[in-house]
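Here's the structure, in structure tokens; my notes come after.
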Amino acid sequence: MTDRHYQRSCVWLRRDLRILDNPALYHACDASEAVVALYVVPAEQWQQYHKSPIQADLIRRTLVHLRSELAQLNVPLVVLQAGSFAEQRALVQQCIGQWRIDALFASREYEVDEVARDNALQHDIEGNLDLHWFDDRCIIKPNSVLNGSAQPYKVFTPFSKAWLKELHSVGWQCLGRPQQMPKLITDIDDSTLPLCSLEADSWPYAGADSSAYAADGQEVIAQLRQFSAERAARYRADRDFPAIDGTSVLSPYLAIGSLSARQCLARLSHDHGSPWELAEGAKTWLTELIWREFYQHVMVAWPHVCKDKAFKPDYEAIPWTNDGQLFDSWCRGETGFPLVDAAMRQLNQTGWMHNRLRMIVASFLCKDLLIDWRWGERYFMSKLVDGDFAANNGGWQWAASTGTDAAPYFRIFNPETQSKRFDDKGLFIQQYVEQLRGLEAKLLHQAGAGGNYLPAVVDHKERRQMCLELYQQSLKKEAG
Ligand SMILES: Cc1cc2nc3c(=O)[nH]c(=O)nc-3n(C[C@H](O)[C@H](O)[C@H](O)COP(=O)(O)OP(=O)(O)OC[C@H]3O[C@@H](n4cnc5c(N)ncnc54)[C@H](O)[C@@H]3O)c2cc1C
């Protein structure tokens, strides 16, 4: 796409909030005399999806930076406010008409409601203008990593091998900054549009401060570079210990698209060699990026996971006890299990939680508290700065054993053993649970911390047994 054959194009930004390696923006600039960028906040829709206020705030701050970076490219950014996806779509159509747009450029989103919105838009405007969709969320696009029977993979390890093979055959490219500078449009009429201010006070989805996370694209890239240069080589050794700064904490940026997975791969390759020949640390980090792709591909191949359904239908019948008080104690980080509580407090205070801890608290909610994984999935979405439907749903269904390539139902984490193994000195626990500071490490891991803390809300041994019976009974019923 090199001829400038459009007079005016519109880039509808979604989860691709960046200048570098943004295919929709890059190609719009390449192919058009003038370009305008649009972002539409669907505030009520976000509420329905339990989007966390902290992620919404990160999006707002990222848009502030993006607006000035886009201005340097002569691309004005218009931010509008809608309620639902239907209103969002209608507004995009209104802008197209009002601004005399002759091509729309956008990156695909793969969740079912988003796909339905885009199909409806395509249906309404096809023929009136050109639509260019880009697969930006994954390095290898969904539906293109298939097994010998041309079916999508349900199991991660063969997926990962096939993914690397596919990468080898199709390659990947990081686009960098747009090469062409469009002419500045000076007559954008937005007087009749519901403009959305990027001031914190007027943002339609307020309530949290994301200032601990980078909103400036250059700072995000600096964090990627620093992780790759200084910590990726030790990733395999350090990644499971929450008291160590061993993982990248790039998930907030990958979730909103202020960073692309291709940029991560390019940096890793630049510092550590080709993706097929990486040493252990960097290779393990790449495997995590492939997990991210796996869950996106699973969601596209089995969209029922977007509709509150277990990946494995047999596991729909588990009679969760769903005790509201136990759920509240888990949400507040007051279960009496020190590591679980420290983890939940990390989530509540920072919007982020270490992966090892996500696995532990998710297993604890489902298999010790016997609460439906969907309750936890929603709570996570409402708090996480990196909330991403596919990764979150995949993680929860893995922990509850209802998902693709999930932990078997009889694998039940013992919170005390996990605590001794992954936080042996109790440094992480003491960082988040003030009451336990100064207590000797060997007491820190026990439920109730040996009488020095909140009483444990359940007895792990007892609940383990109950959990096994619950799963066994419901699976037997399904089989019968
Ligand atoms: C119950 C549960 C819920 C989760 N919810 C989310 C979520 O909403 N959003 C989210 O991005 N991740 C989620 N994860 C996956 C993982 O915990 C986070 O991606 C990771 O902790 C982010 O920290 P990081 O950036 O330091 O990761 P790193 O260890 O540095 O990994 C690099 C990147 O790979 C991706 N990644 C790593 N592990 C996984 C994984 N298991 N599944 C999918 N992608 C992965 C992330 O994009 C991450 O930023 C969840 C995991 C579990 C068990």
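Every listed requirement among (1) more than 22 Å from residue 179 (Cα to Cα); (2) touching a Cys at 6+ places or on another chain (Cβ under 8 Å) is met by residue 21 save one, (1).
Of the residues making up the stretch 121-159, those that are hydrophobic (A, V, I, L, M, F, W, C), outside any loop (DSSP other than H, G, I, E, B), surrounded by fewer than 17 Cβ atoms within 10 Å (Cβ to Cβ) and within 25 Å of the chain's Cα centre (by Cα) are 133, 146. When the stretch 329-349 is filtered for residues that are assigned to a helix (DSSP H, G or I) and of a type in the set (S, T, N, Q), the ones remaining, listed by number, are 329, 346, 348, 349. Of the numbered criteria (1) surrounded by fewer than 22 Cβ atoms within 10 Å (Cβ to Cβ); (2) touching a residue at least 40 places away in the same chain (Cβ under 8 Å); (3) among the charged types (D, E, K, R), the one residue 424 fails is (2). Within the stretch 200-243, being in contact (Cβ under 8 Å) with a residue 24 or more places away in the chain, assigned to a helix (DSSP H, G or I) and within 11 Å of the ligand (Cβ to nearest atom) holds for 223, 224, 228, 232, 235, 236.
Count of the stretch 244-260 residues, restricted to those that are of a type outside the set (Ser, Thr, Tyr), part of a loop (DSSP other than H, G, I, E, B) and in contact (Cβ under 8 Å) with a residue 60 or more places away in the chain, is 3.
Between 296, 263, the distinction of being of a type outside the set (D, E, K, R), within 16 Å of the ligand (Cβ to nearest atom), touching an Asp or Glu at 6+ places or on another chain (Cβ under 7 Å) and not in a loop (DSSP other than H, G, I, E, B) belongs to 263 only.
Of the listed requirements (1) assigned to a helix (DSSP H, G or I); (2) touching a residue at least 40 places away in the same chain (Cβ under 8 Å), residue 269 misses just one: (2).
Do you know which of the residues in the stretch 447-474 that are free of Cβ contacts under 8 Å to residues at least 40 places away in the same chain and assigned to a loop (DSSP other than H, G, I, E, B) is farthest from the chain's Cα centre (by Cα)? So the residue we want is 452.
For the stretch 160-173, filtering for residues that are in contact (Cβ under 8 Å) with a residue 12 or more places away in the chain and surrounded by fewer than 16 Cβ atoms within 10 Å (Cβ to Cβ) leaves 4. Consider the stretch 272-293 and keep the residues that are over 29 Å from residue 59 (Cα atoms) and among the charged types (D, E, K, R). The one that is modelled with the highest pLDDT is 283. Could you check the stretch 153-197 and list, in sequence order, the residues that are touching a strand residue (DSSP E or B) at 6+ places or on another chain (Cβ under 9 Å), aliphatic (A, V, I, L, M) and closer than 24 Å to residue 17 by Cα? Residues satisfying the conditions are 184, 185, 188, 193, 195. Going by the conditions given, is residue 251 more than 30 Å from residue 429 (Cα to Cα) and either touching a strand residue (DSSP E or B) at 6+ places or on another chain (Cβ under 9 Å) or among the hydroxyl-bearing types (Ser, Thr, Tyr) (or both)? Answer is no for this residue.
To keep it simple, each residue is scored yes or no on (1) under 29 Å from residue 431 (Cβ atoms); (2) out of contact with any Lys or Arg (no Cβ under 7 Å at 6 or more places or on another chain); (3) in the same structural domain as residue 48 (by TED's automatic domain parsing); (4) acidic (Asp, Glu).
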position	(1), (2), (3), (4)
283	no, yes, no, no
294	no, yes, no, no
308	no, no, no, yes
320	no, yes, no, no
330	yes, yes, no, no
333	yes, no, no, no
346	yes, yes, no, no
354	yes, yes, no, no
363	yes, yes, no, no
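Evaluation of residue 117 against the conditions (1) closer than 27 Å to residue 292 by Cβ; (2) in contact (Cβ under 8 Å) with a residue 40 or more places away in the chain; (3) surrounded by 20 or more Cβ atoms within 10 Å (Cβ to Cβ); (4) not acidic (Asp, Glu) shows that the sole unmet condition is (2). For the criterion of being assigned to a loop (DSSP other than H, G, I, E, B) and of a type in the set (A, V, I, L, M), residue 96 fails. Selection of the stretch 244-256 for residues being surrounded by fewer than 21 Cβ atoms within 10 Å (Cβ to Cβ) and more than 10 Å from the ligand (Cβ to nearest atom) yields only 244. For residue 278, state whether it is farther than 20 Å from residue 430 by Cα and either within 12 Å of the ligand (Cβ to nearest atom) or not in a loop (DSSP other than H, G, I, E, B) (or both). Judged against the criteria, residue 278 is not a match.
Counting only helices (runs of 4 or more DSSP H) that sit wholly inside the stretch 350-415, those with at least 2 residues that are more than 8 Å from the ligand (Cβ to nearest atom), charged (D, E, K, R) and in contact (Cβ under 8 Å) with a residue 24 or more places away in the chain are 373-383. Taking the criterion of being at pLDDT 95 or above and not in a strand (DSSP E or B), the residues of the stretch 75-84 that qualify are 75, 76. Residues of the stretch 318-328 include none that is within 30 Å of residue 253 (Cα to Cα) and not in a helix (DSSP H, G or I).
The values are calculated or read from the model by the stated rules, or taken from the named source; none is laboratory data. For clarity, every value in this text was computed on a predicted model and none was experimentally measured. We place every Cβ from the backbone using ideal geometry, glycine too, and count neighbours over all the protein chains shown.
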